[in-house]
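Take a look at the structure below.
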Amino acid sequence: MTLGTYMSKDSVLIILLVCLVVPVSVTAQSDPLPDRTHIAVGVENPIMFNLQSVIDGCCVDIRGNIDGDPLDQIDISDLVYLVDYMFSGGPEPPCIDETDVDASGGIDISDLVYVVDYMFTGGPPPGACPSLISIVGLQPDDDTVNGTANVLDTTQFQVVLWAKTNQWYVQPTVADPYTHIQGDGSWSNYTHPWDRIVALLVDSSYLPESIRDYHPSLDSGVIGWDEYPGKSIRFVNWSNFCWQVKTGDLVGPGPNYFSDDTANVWIDQQGRMHLKIDSRDSKWYCAELVLDHSLGYGVYSFKLDSRVDSLDFNTILGCFVYETTNQEFDIEFSQRLANPFNAQFVIQPWYTSGNIEFFNMPNSTQTSHSWEWRSDSIVFQSWNGHADTPTPTTLIHTWTYTGEDITIPGGERMRFNLYLYGGDAPTQGTGDEVIITSFEYSE
(Lines give C-alpha, C1' and ligand atoms only; values in the text may rest on other atoms or scores of the structure.)
Protein backbone atom coordinates (compact mmCIF):
# COMPACT_ATOMS: atom_id res chain seq x y z
CA MET A 1 0.00 0.00 0.00
CA THR A 2 1.43 3.42 -0.91
CA LEU A 3 0.39 6.90 0.08
CA GLY A 4 -0.67 8.90 -2.95
CA THR A 5 0.76 12.40 -3.17
CA TYR A 6 -2.01 13.82 -5.32
CA MET A 7 -3.94 16.68 -3.70
CA SER A 8 -6.86 18.79 -4.92
CA LYS A 9 -9.09 21.59 -3.68
CA ASP A 10 -11.50 18.90 -2.45
CA SER A 11 -9.07 18.08 0.34
CA VAL A 12 -9.77 21.43 1.98
CA LEU A 13 -13.48 20.65 2.10
CA ILE A 14 -12.84 17.20 3.53
CA ILE A 15 -10.57 18.51 6.29
CA LEU A 16 -13.15 21.16 7.21
CA LEU A 17 -15.79 18.46 7.43
CA VAL A 18 -13.55 16.34 9.63
CA CYS A 19 -12.89 19.30 11.92
CA LEU A 20 -16.64 19.71 12.38
CA VAL A 21 -17.25 16.09 13.28
CA VAL A 22 -14.11 15.23 15.27
CA PRO A 23 -15.81 15.93 18.66
CA VAL A 24 -18.44 13.36 17.81
CA SER A 25 -15.82 10.73 17.06
CA VAL A 26 -14.78 10.57 20.72
CA THR A 27 -18.20 9.16 21.53
CA ALA A 28 -17.98 6.76 18.61
CA GLN A 29 -14.65 5.39 19.79
CA SER A 30 -15.89 4.83 23.34
CA ASP A 31 -19.11 3.00 22.48
CA PRO A 32 -19.15 -0.78 23.12
CA LEU A 33 -18.99 -3.02 20.07
CA PRO A 34 -21.50 -5.85 20.44
CA ASP A 35 -20.55 -8.84 18.30
CA ARG A 36 -17.90 -6.84 16.41
CA THR A 37 -20.62 -4.63 14.91
CA HIS A 38 -20.01 -0.90 14.94
CA ILE A 39 -22.51 1.92 14.42
CA ALA A 40 -21.64 5.12 12.58
CA VAL A 41 -22.29 8.10 14.85
CA GLY A 42 -23.77 11.30 13.50
CA VAL A 43 -25.51 9.68 10.55
CA GLU A 44 -29.30 9.76 10.26
CA ASN A 45 -29.43 6.12 9.14
CA PRO A 46 -26.55 4.29 10.88
CA ILE A 47 -24.34 2.02 8.78
CA MET A 48 -23.97 -1.41 10.39
CA PHE A 49 -21.65 -4.26 9.46
CA ASN A 50 -20.62 -7.59 10.86
CA LEU A 51 -17.12 -7.87 9.47
CA GLN A 52 -17.10 -11.62 10.14
CA SER A 53 -19.22 -11.93 6.99
CA VAL A 54 -16.65 -10.22 4.78
CA ILE A 55 -14.82 -12.53 2.39
CA ASP A 56 -11.06 -12.81 2.77
CA GLY A 57 -8.85 -11.53 -0.03
CA CYS A 58 -10.05 -8.08 -1.14
CA CYS A 59 -8.03 -6.26 1.54
CA VAL A 60 -4.36 -6.10 0.56
CA ASP A 61 -1.47 -5.39 2.95
CA ILE A 62 -2.87 -2.50 5.05
CA ARG A 63 -6.33 -0.95 5.02
CA GLY A 64 -7.29 2.40 3.50
CA ASN A 65 -7.85 1.80 -0.22
CA ILE A 66 -11.48 2.79 0.26
CA ASP A 67 -12.33 3.53 -3.37
CA GLY A 68 -10.80 0.30 -4.72
CA ASP A 69 -8.02 2.07 -6.61
CA PRO A 70 -6.26 -0.62 -8.71
CA LEU A 71 -2.90 0.98 -7.79
CA ASP A 72 -3.77 0.33 -4.11
CA GLN A 73 -3.05 3.93 -3.05
CA ILE A 74 -4.40 5.95 -0.14
CA ASP A 75 -5.18 9.44 -1.42
CA ILE A 76 -7.79 12.19 -1.35
CA SER A 77 -10.21 10.19 -3.47
CA ASP A 78 -10.54 7.68 -0.61
CA LEU A 79 -11.68 10.47 1.74
CA VAL A 80 -14.17 11.77 -0.82
CA TYR A 81 -15.51 8.24 -1.33
CA LEU A 82 -15.93 7.62 2.40
CA VAL A 83 -17.68 10.94 3.07
CA ASP A 84 -19.99 10.40 0.11
CA TYR A 85 -20.86 6.92 1.38
CA MET A 86 -21.43 7.90 5.00
CA PHE A 87 -23.24 11.21 4.54
CA SER A 88 -24.62 11.41 0.98
CA GLY A 89 -25.89 7.92 0.19
CA GLY A 90 -22.94 7.14 -2.08
CA PRO A 91 -22.02 3.63 -3.23
CA GLU A 92 -20.81 1.03 -0.76
CA PRO A 93 -17.02 0.64 -0.73
CA PRO A 94 -15.82 -2.31 -2.81
CA CYS A 95 -14.00 -3.81 0.19
CA ILE A 96 -15.39 -3.24 3.68
CA ASP A 97 -12.15 -4.33 5.38
CA GLU A 98 -10.20 -1.67 3.47
CA THR A 99 -12.71 0.93 4.74
CA ASP A 100 -12.40 -0.08 8.40
CA VAL A 101 -9.17 1.93 8.48
CA ASP A 102 -8.67 1.85 12.25
CA ALA A 103 -9.37 -1.91 12.44
CA SER A 104 -12.04 -1.34 15.08
CA GLY A 105 -14.51 -3.85 13.67
CA GLY A 106 -16.85 -1.38 11.97
CA ILE A 107 -17.10 1.77 9.87
CA ASP A 108 -17.78 5.13 11.51
CA ILE A 109 -16.52 8.70 11.76
CA SER A 110 -13.36 7.54 13.53
CA ASP A 111 -12.21 5.92 10.28
CA LEU A 112 -12.51 9.27 8.53
CA VAL A 113 -10.54 10.98 11.30
CA TYR A 114 -7.93 8.21 11.25
CA VAL A 115 -7.14 8.41 7.53
CA VAL A 116 -6.98 12.25 7.61
CA ASP A 117 -4.56 12.04 10.55
CA TYR A 118 -2.46 9.50 8.63
CA MET A 119 -2.35 11.54 5.44
CA PHE A 120 -1.90 15.06 6.79
CA THR A 121 -0.60 15.06 10.39
CA GLY A 122 1.80 12.15 10.58
CA GLY A 123 -0.59 9.80 12.35
CA PRO A 124 -0.13 6.03 12.52
CA PRO A 125 -0.68 3.93 9.39
CA PRO A 126 -3.97 2.04 8.91
CA GLY A 127 -4.35 -1.35 10.53
CA ALA A 128 -3.32 -4.57 8.84
CA CYS A 129 -5.87 -6.40 6.72
CA PRO A 130 -7.75 -9.22 8.51
CA SER A 131 -8.07 -12.80 7.45
CA LEU A 132 -10.81 -15.35 8.05
CA ILE A 133 -8.18 -18.08 8.25
CA SER A 134 -4.52 -17.95 9.26
CA ILE A 135 -1.61 -20.37 9.19
CA VAL A 136 0.22 -19.99 12.50
CA GLY A 137 3.90 -20.60 13.25
CA LEU A 138 4.69 -22.72 10.18
CA GLN A 139 8.37 -23.22 9.34
CA PRO A 140 10.03 -24.79 6.28
CA ASP A 141 10.02 -28.60 6.36
CA ASP A 142 7.34 -28.77 9.10
CA ASP A 143 5.07 -31.79 8.69
CA THR A 144 2.23 -30.34 10.79
CA VAL A 145 0.23 -27.24 9.88
CA ASN A 146 -1.55 -25.28 12.62
CA GLY A 147 -3.82 -22.30 12.35
CA THR A 148 -6.92 -20.41 13.35
CA ALA A 149 -10.28 -19.70 11.70
CA ASN A 150 -12.09 -16.48 12.54
CA VAL A 151 -15.71 -17.59 12.08
CA LEU A 152 -18.73 -17.29 14.33
CA ASP A 153 -19.98 -20.87 13.88
CA THR A 154 -17.16 -23.39 13.49
CA THR A 155 -19.63 -26.18 12.67
CA GLN A 156 -20.51 -24.58 9.33
CA PHE A 157 -16.98 -24.62 7.89
CA GLN A 158 -13.95 -26.87 7.50
CA VAL A 159 -10.32 -26.42 6.50
CA VAL A 160 -8.75 -28.07 3.46
CA LEU A 161 -4.96 -28.08 3.13
CA TRP A 162 -3.10 -28.14 -0.18
CA ALA A 163 0.64 -28.74 -0.59
CA LYS A 164 2.50 -27.67 -3.72
CA THR A 165 5.52 -29.44 -5.19
CA ASN A 166 5.28 -29.89 -8.96
CA GLN A 167 1.53 -29.19 -8.59
CA TRP A 168 -1.03 -28.83 -5.80
CA TYR A 169 -2.00 -31.96 -3.79
CA VAL A 170 -4.77 -32.14 -1.20
CA GLN A 171 -3.57 -32.93 2.34
CA PRO A 172 -3.24 -35.07 4.30
CA THR A 173 -4.88 -37.70 2.04
CA VAL A 174 -7.44 -37.85 -0.75
CA ALA A 175 -9.57 -40.14 1.42
CA ASP A 176 -9.52 -37.70 4.35
CA PRO A 177 -9.12 -34.17 2.97
CA TYR A 178 -10.95 -32.16 5.65
CA THR A 179 -9.44 -30.62 8.77
CA HIS A 180 -11.86 -30.04 11.64
CA ILE A 181 -12.09 -26.60 13.27
CA GLN A 182 -12.20 -26.72 17.08
CA GLY A 183 -14.72 -24.67 19.05
CA ASP A 184 -12.07 -22.03 19.82
CA GLY A 185 -11.28 -21.64 16.10
CA SER A 186 -8.00 -23.58 16.14
CA TRP A 187 -7.19 -26.35 13.68
CA SER A 188 -4.24 -28.68 12.96
CA ASN A 189 -3.31 -31.50 10.59
CA TYR A 190 -0.27 -33.20 9.12
CA THR A 191 1.07 -32.85 5.59
CA HIS A 192 3.45 -34.49 3.18
CA PRO A 193 6.59 -32.60 2.00
CA TRP A 194 5.81 -29.27 0.38
CA ASP A 195 7.22 -26.14 -1.25
CA ARG A 196 4.11 -24.07 -0.55
CA ILE A 197 1.10 -24.66 1.70
CA VAL A 198 -2.42 -23.27 1.24
CA ALA A 199 -5.12 -23.52 3.90
CA LEU A 200 -8.66 -23.05 2.60
CA LEU A 201 -11.69 -22.20 4.72
CA VAL A 202 -14.56 -23.91 2.89
CA ASP A 203 -18.30 -24.40 3.17
CA SER A 204 -20.39 -27.49 2.44
CA SER A 205 -20.47 -26.82 -1.33
CA TYR A 206 -16.70 -27.29 -1.70
CA LEU A 207 -15.45 -30.35 -3.61
CA PRO A 208 -11.77 -31.04 -2.79
CA GLU A 209 -10.77 -33.79 -5.27
CA SER A 210 -7.05 -34.67 -5.24
CA ILE A 211 -4.88 -32.53 -7.54
CA ARG A 212 -4.97 -28.94 -8.80
CA ASP A 213 -2.89 -27.44 -11.61
CA TYR A 214 -4.08 -23.95 -10.62
CA HIS A 215 -4.26 -22.11 -7.32
CA PRO A 216 -6.76 -23.94 -5.03
CA SER A 217 -8.31 -20.68 -3.76
CA LEU A 218 -10.00 -20.20 -7.15
CA ASP A 219 -12.41 -23.06 -6.52
CA SER A 220 -16.05 -22.49 -5.69
CA GLY A 221 -17.00 -22.96 -2.05
CA VAL A 222 -13.82 -21.27 -0.76
CA ILE A 223 -14.70 -18.67 1.88
CA GLY A 224 -11.17 -17.57 2.79
CA TRP A 225 -7.58 -18.75 2.54
CA ASP A 226 -4.03 -18.28 3.72
CA GLU A 227 -0.74 -19.34 2.18
CA TYR A 228 2.84 -19.95 3.30
CA PRO A 229 5.27 -18.46 2.45
CA GLY A 230 3.11 -15.48 1.37
CA LYS A 231 0.16 -15.35 -1.00
CA SER A 232 1.08 -16.14 -4.59
CA ILE A 233 -2.05 -15.02 -6.43
CA ARG A 234 -2.83 -11.63 -7.91
CA PHE A 235 -5.91 -9.59 -6.91
CA VAL A 236 -7.43 -6.65 -8.78
CA ASN A 237 -10.09 -4.21 -7.58
CA TRP A 238 -12.36 -3.42 -10.50
CA SER A 239 -15.94 -2.19 -10.87
CA ASN A 240 -16.30 -2.02 -7.07
CA PHE A 241 -15.50 -5.72 -6.69
CA CYS A 242 -12.41 -7.70 -5.81
CA TRP A 243 -11.27 -10.31 -8.36
CA GLN A 244 -8.65 -13.04 -8.35
CA VAL A 245 -6.58 -13.50 -11.52
CA LYS A 246 -6.19 -17.11 -12.54
CA THR A 247 -2.79 -18.62 -13.29
CA GLY A 248 -1.94 -22.19 -14.21
CA ASP A 249 -0.28 -24.37 -16.84
CA LEU A 250 -2.44 -26.55 -19.09
CA VAL A 251 -5.58 -26.25 -16.97
CA GLY A 252 -9.22 -25.99 -17.92
CA PRO A 253 -10.95 -24.76 -19.86
CA GLY A 254 -8.85 -25.93 -22.76
CA PRO A 255 -6.45 -27.07 -21.43
CA ASN A 256 -4.67 -23.73 -21.67
CA TYR A 257 -1.92 -21.71 -20.07
CA PHE A 258 -3.52 -19.00 -17.91
CA SER A 259 -1.42 -16.02 -16.84
CA ASP A 260 -1.84 -13.30 -14.21
CA ASP A 261 0.69 -11.12 -16.03
CA THR A 262 -0.31 -7.53 -16.80
CA ALA A 263 0.18 -8.41 -20.47
CA ASN A 264 -2.96 -10.56 -20.16
CA VAL A 265 -5.07 -8.81 -17.50
CA TRP A 266 -4.94 -5.08 -16.80
CA ILE A 267 -7.07 -2.02 -16.04
CA ASP A 268 -6.64 1.09 -18.18
CA GLN A 269 -6.83 4.75 -17.14
CA GLN A 270 -10.58 4.75 -17.87
CA GLY A 271 -11.13 1.92 -15.39
CA ARG A 272 -11.89 -0.64 -18.11
CA MET A 273 -10.78 -4.25 -17.76
CA HIS A 274 -8.66 -5.73 -20.56
CA LEU A 275 -8.38 -9.49 -21.14
CA LYS A 276 -5.88 -10.57 -23.79
CA ILE A 277 -4.54 -13.76 -25.30
CA ASP A 278 -0.88 -13.41 -26.24
CA SER A 279 2.08 -15.55 -27.21
CA ARG A 280 5.27 -15.70 -25.11
CA ASP A 281 7.99 -18.34 -25.00
CA SER A 282 6.22 -20.34 -27.73
CA LYS A 283 3.07 -20.62 -25.59
CA TRP A 284 -0.34 -18.98 -25.90
CA TYR A 285 -1.40 -17.43 -22.58
CA CYS A 286 -5.09 -16.87 -21.76
CA ALA A 287 -6.87 -14.77 -19.12
CA GLU A 288 -9.51 -15.37 -16.45
CA LEU A 289 -11.02 -13.28 -13.64
CA VAL A 290 -12.79 -14.90 -10.68
CA LEU A 291 -14.91 -12.88 -8.27
CA ASP A 292 -13.75 -13.41 -4.69
CA HIS A 293 -17.18 -14.33 -3.32
CA SER A 294 -20.68 -15.52 -4.16
CA LEU A 295 -23.37 -12.96 -5.05
CA GLY A 296 -26.39 -15.26 -5.34
CA TYR A 297 -29.72 -14.43 -6.98
CA GLY A 298 -29.96 -11.03 -8.63
CA VAL A 299 -29.30 -9.01 -11.78
CA TYR A 300 -25.79 -9.30 -13.26
CA SER A 301 -24.78 -6.97 -16.07
CA PHE A 302 -21.64 -6.02 -17.96
CA LYS A 303 -20.73 -3.69 -20.80
CA LEU A 304 -18.22 -4.44 -23.56
CA ASP A 305 -16.10 -1.90 -25.40
CA SER A 306 -14.86 -4.18 -28.16
CA ARG A 307 -16.38 -6.30 -30.89
CA VAL A 308 -17.08 -9.96 -30.10
CA ASP A 309 -18.62 -10.96 -33.44
CA SER A 310 -15.21 -11.33 -35.11
CA LEU A 311 -13.16 -13.20 -32.51
CA ASP A 312 -10.77 -15.79 -33.89
CA PHE A 313 -12.48 -19.08 -34.69
CA ASN A 314 -10.67 -20.74 -31.76
CA THR A 315 -11.25 -17.91 -29.26
CA ILE A 316 -14.01 -18.02 -26.64
CA LEU A 317 -15.12 -15.20 -24.36
CA GLY A 318 -17.02 -16.67 -21.42
CA CYS A 319 -19.05 -14.54 -18.98
CA PHE A 320 -20.63 -16.86 -16.46
CA VAL A 321 -21.59 -18.00 -12.98
CA TYR A 322 -19.89 -21.25 -12.00
CA GLU A 323 -19.98 -23.64 -9.06
CA THR A 324 -19.59 -27.06 -10.68
CA THR A 325 -19.70 -28.41 -14.22
CA ASN A 326 -23.47 -28.90 -13.98
CA GLN A 327 -24.11 -25.83 -11.83
CA GLU A 328 -23.24 -23.09 -14.28
CA PHE A 329 -24.82 -20.68 -16.74
CA ASP A 330 -23.10 -18.57 -19.37
CA ILE A 331 -23.13 -15.93 -22.02
CA GLU A 332 -20.49 -17.09 -24.49
CA PHE A 333 -19.13 -15.44 -27.60
CA SER A 334 -17.55 -17.95 -29.96
CA GLN A 335 -17.79 -18.73 -33.66
CA ARG A 336 -16.67 -22.28 -32.91
CA LEU A 337 -19.00 -23.14 -30.01
CA ALA A 338 -22.05 -21.46 -31.53
CA ASN A 339 -21.34 -22.32 -35.19
CA PRO A 340 -22.97 -21.21 -37.49
CA PHE A 341 -23.84 -18.39 -35.04
CA ASN A 342 -21.33 -16.43 -32.94
CA ALA A 343 -22.96 -16.25 -29.50
CA GLN A 344 -25.05 -18.35 -27.12
CA PHE A 345 -26.89 -18.26 -23.81
CA VAL A 346 -26.22 -21.55 -22.00
CA ILE A 347 -27.53 -23.44 -18.98
CA GLN A 348 -25.34 -26.37 -17.92
CA PRO A 349 -25.40 -29.21 -18.68
CA TRP A 350 -25.40 -27.80 -22.21
CA TYR A 351 -26.31 -31.13 -23.83
CA THR A 352 -29.76 -31.21 -22.17
CA SER A 353 -32.47 -30.36 -24.67
CA GLY A 354 -33.58 -26.74 -24.35
CA ASN A 355 -30.48 -25.55 -22.45
CA ILE A 356 -28.86 -23.50 -25.26
CA GLU A 357 -30.11 -20.46 -27.15
CA PHE A 358 -27.98 -19.44 -30.16
CA PHE A 359 -27.91 -15.95 -31.66
CA ASN A 360 -25.71 -13.60 -33.67
CA MET A 361 -23.86 -10.58 -32.33
CA PRO A 362 -23.63 -7.62 -34.74
CA ASN A 363 -20.40 -5.77 -35.56
CA SER A 364 -20.92 -3.33 -32.70
CA THR A 365 -18.04 -2.03 -30.58
CA GLN A 366 -20.25 -1.12 -27.62
CA THR A 367 -22.71 -3.72 -26.33
CA SER A 368 -24.34 -4.59 -23.00
CA HIS A 369 -25.36 -7.93 -21.56
CA SER A 370 -27.25 -9.14 -18.50
CA TRP A 371 -29.06 -11.96 -16.79
CA GLU A 372 -31.61 -11.87 -14.03
CA TRP A 373 -31.19 -15.01 -11.93
CA ARG A 374 -34.14 -16.10 -9.79
CA SER A 375 -35.16 -19.40 -8.22
CA ASP A 376 -37.62 -20.17 -11.02
CA SER A 377 -36.06 -18.48 -14.07
CA ILE A 378 -33.01 -16.89 -15.69
CA VAL A 379 -33.65 -14.07 -18.15
CA PHE A 380 -30.77 -13.29 -20.54
CA GLN A 381 -30.47 -10.10 -22.61
CA SER A 382 -27.93 -8.61 -25.02
CA TRP A 383 -28.29 -5.17 -26.58
CA ASN A 384 -26.41 -2.50 -28.53
CA GLY A 385 -24.93 0.47 -26.71
CA HIS A 386 -24.22 1.14 -23.06
CA ALA A 387 -27.66 2.15 -21.85
CA ASP A 388 -28.67 0.45 -18.62
CA THR A 389 -31.63 -1.28 -20.25
CA PRO A 390 -32.46 -2.21 -23.85
CA THR A 391 -35.15 -0.72 -26.05
CA PRO A 392 -36.96 -2.50 -28.90
CA THR A 393 -34.50 -0.95 -31.36
CA THR A 394 -31.30 -1.75 -29.39
CA LEU A 395 -32.19 -5.29 -28.25
CA ILE A 396 -30.03 -7.93 -29.95
CA HIS A 397 -31.49 -11.03 -28.31
CA THR A 398 -33.30 -12.19 -25.17
CA TRP A 399 -34.13 -15.61 -23.73
CA THR A 400 -35.98 -16.78 -20.66
CA TYR A 401 -35.06 -20.15 -19.17
CA THR A 402 -37.47 -21.86 -16.78
CA GLY A 403 -36.20 -25.46 -16.92
CA GLU A 404 -34.97 -27.82 -14.22
CA ASP A 405 -31.26 -26.91 -14.30
CA ILE A 406 -31.33 -23.50 -12.60
CA THR A 407 -28.31 -23.24 -10.30
CA ILE A 408 -29.01 -22.81 -6.57
CA PRO A 409 -26.81 -20.15 -4.90
CA GLY A 410 -24.11 -21.28 -2.51
CA GLY A 411 -20.47 -21.59 -3.55
CA GLU A 412 -20.78 -20.14 -7.05
CA ARG A 413 -18.68 -17.23 -8.34
CA MET A 414 -18.91 -14.82 -11.24
CA ARG A 415 -16.15 -15.27 -13.83
CA PHE A 416 -14.88 -13.81 -17.09
CA ASN A 417 -12.44 -15.75 -19.25
CA LEU A 418 -10.85 -15.37 -22.66
CA TYR A 419 -9.38 -18.66 -23.82
CA LEU A 420 -8.66 -20.99 -26.74
CA TYR A 421 -10.84 -23.96 -27.65
CA GLY A 422 -8.92 -27.14 -26.76
CA GLY A 423 -5.80 -25.02 -26.32
CA ASP A 424 -5.54 -24.70 -30.11
CA ALA A 425 -3.54 -21.72 -31.41
CA PRO A 426 -5.51 -18.85 -32.99
CA THR A 427 -6.20 -19.59 -36.64
CA GLN A 428 -5.27 -16.00 -37.55
CA GLY A 429 -1.98 -16.20 -35.65
CA THR A 430 -2.90 -13.26 -33.39
CA GLY A 431 -4.35 -13.31 -29.90
CA ASP A 432 -7.66 -11.55 -29.29
CA GLU A 433 -8.22 -8.75 -26.77
CA VAL A 434 -11.54 -7.92 -25.12
CA ILE A 435 -12.37 -4.74 -23.19
CA ILE A 436 -15.00 -4.93 -20.44
CA THR A 437 -16.15 -1.46 -19.45
CA SER A 438 -17.90 -2.42 -16.23
CA PHE A 439 -19.64 -5.12 -14.22
CA GLU A 440 -22.66 -4.45 -12.02
CA TYR A 441 -24.83 -6.45 -9.66
CA SER A 442 -28.11 -5.69 -7.91
CA GLU A 443 -30.47 -7.84 -5.89
Practice problem: Go through region 315-342 residue by residue and tally those that are in a strand (DSSP E or B) and either within 20 Å of residue 405 (Cβ to Cβ) or β-branched (Val, Ile, Thr) (or both). | Solution: 15
Quiz item: Quick one: which of 316, 356, 396, 331 is in contact with a Gly (Cβ under 9 Å, 6 or more places away or on another chain), modelled with pLDDT of 95 or more and assigned by TED's automatic domain parsing to the domain that holds residue 241?
Solution: 331
Quiz item: Consider residue 121 against the criteria (1) surrounded by fewer than 20 Cβ atoms within 10 Å (Cβ to Cβ); (2) in contact (Cβ under 8 Å) with a residue 60 or more places away in the chain; (3) among the β-branched types (Val, Ile, Thr): it satisfies all of them except one. Which criterion is unmet?
Solution: (2)
Quiz item: Are any residues in region 120-140 at pLDDT below 90 and more than 24 Å from the chain's Cα centre (by Cα), and if so, which ones?
Solution: 120, 121, 122, 123, 124, 125
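Residue-wise test of (1) in contact with a Pro (Cβ under 6 Å, 6 or more places away or on another chain); (2) of a type in the set (D, E, K, R); (3) part of a helix (DSSP H, G or I).
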site: 80; (1), (2), (3): no, no, yes
site: 86; (1), (2), (3): no, no, yes
site: 102; (1), (2), (3): no, yes, no
site: 107; (1), (2), (3): no, no, no
site: 115; (1), (2), (3): no, no, yes
site: 126; (1), (2), (3): no, no, no
site: 146; (1), (2), (3): no, no, no
site: 163; (1), (2), (3): no, no, no
Quiz item: From the list 329, 320, 358, which one is of a type outside the set (Asp, Glu) and farther than 30 Å from residue 223 by Cα?
Solution: 358
Practice problem: State whether the residues of region 358-371 include one that is closer than 17 Å to residue 327 by Cα and of a type in the set (Val, Ile, Thr). | Solution: no
Self-check item: Single condition residue 236 does not satisfy, out of (1) touching a Pro at 6+ places or on another chain (Cβ under 7 Å); (2) modelled with pLDDT under 90; (3) more than 30 Å from residue 312 (Cβ to Cβ); (4) in a strand (DSSP E or B)
Solution: (3)
Quiz item: How many residues are on the phi > 0 side of the Ramachandran plot and out of contact with any Pro (no Cβ under 6 Å at 6 or more places or on another chain) if we restrict to region 411-440?
Solution: 2
Exercise. Mind listing whichever residues of region 402-443 are loosely packed, with under 14 Cβ neighbours inside 10 Å, within 27 Å of residue 314 (Cβ to Cβ) and out of contact with any Asp or Glu (no Cβ under 8 Å at 6 or more places or on another chain)?
Key: 422, 429
Exercise. Return the pairs, sorted by first residue and then second, in which the second residue is surrounded by fewer than 21 Cβ atoms within 10 Å (Cβ to Cβ) and acidic (Asp, Glu), the first residue lies in region 355-384 and is within 13 Å of residue 405 (Cβ to Cβ), the beta carbons are less than 9 Å apart, and the residues are 6+ apart or on different chains.
Key: 355/405; 378/372
Practice problem: Identify, by number, the condition in (1) surrounded by fewer than 21 Cβ atoms within 10 Å (Cβ to Cβ); (2) assigned to a strand (DSSP E or B); (3) within 23 Å of the chain's Cα centre (by Cα); (4) not hydroxyl-bearing (Ser, Thr, Tyr) that residue 295 doesn't meet. | Solution: (2)
Quiz item: Quick one: would you say residue 145 is within 23 Å of residue 294 (Cα to Cα), outside the structural domain of residue 294 (by TED's automatic domain parsing) and surrounded by 11 or more Cβ atoms within 10 Å (Cβ to Cβ)?
Solution: no
Exercise. From (1) modelled with pLDDT of 95 or more; (2) touching an Asp or Glu at 6+ places or on another chain (Cβ under 9 Å); (3) not hydrophobic (A, V, I, L, M, F, W, C), pick out the condition that doesn't hold for residue 307.
Key: (2)
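The values are calculated or read from the model by the stated rules, or taken from the named source; none is laboratory data. The model shown is predicted, which means the values in this text are computed figures rather than measured ones. Reconstructed Cβ throughout: ideal geometry from the backbone, glycine too, with neighbour counts over all protein chains shown.
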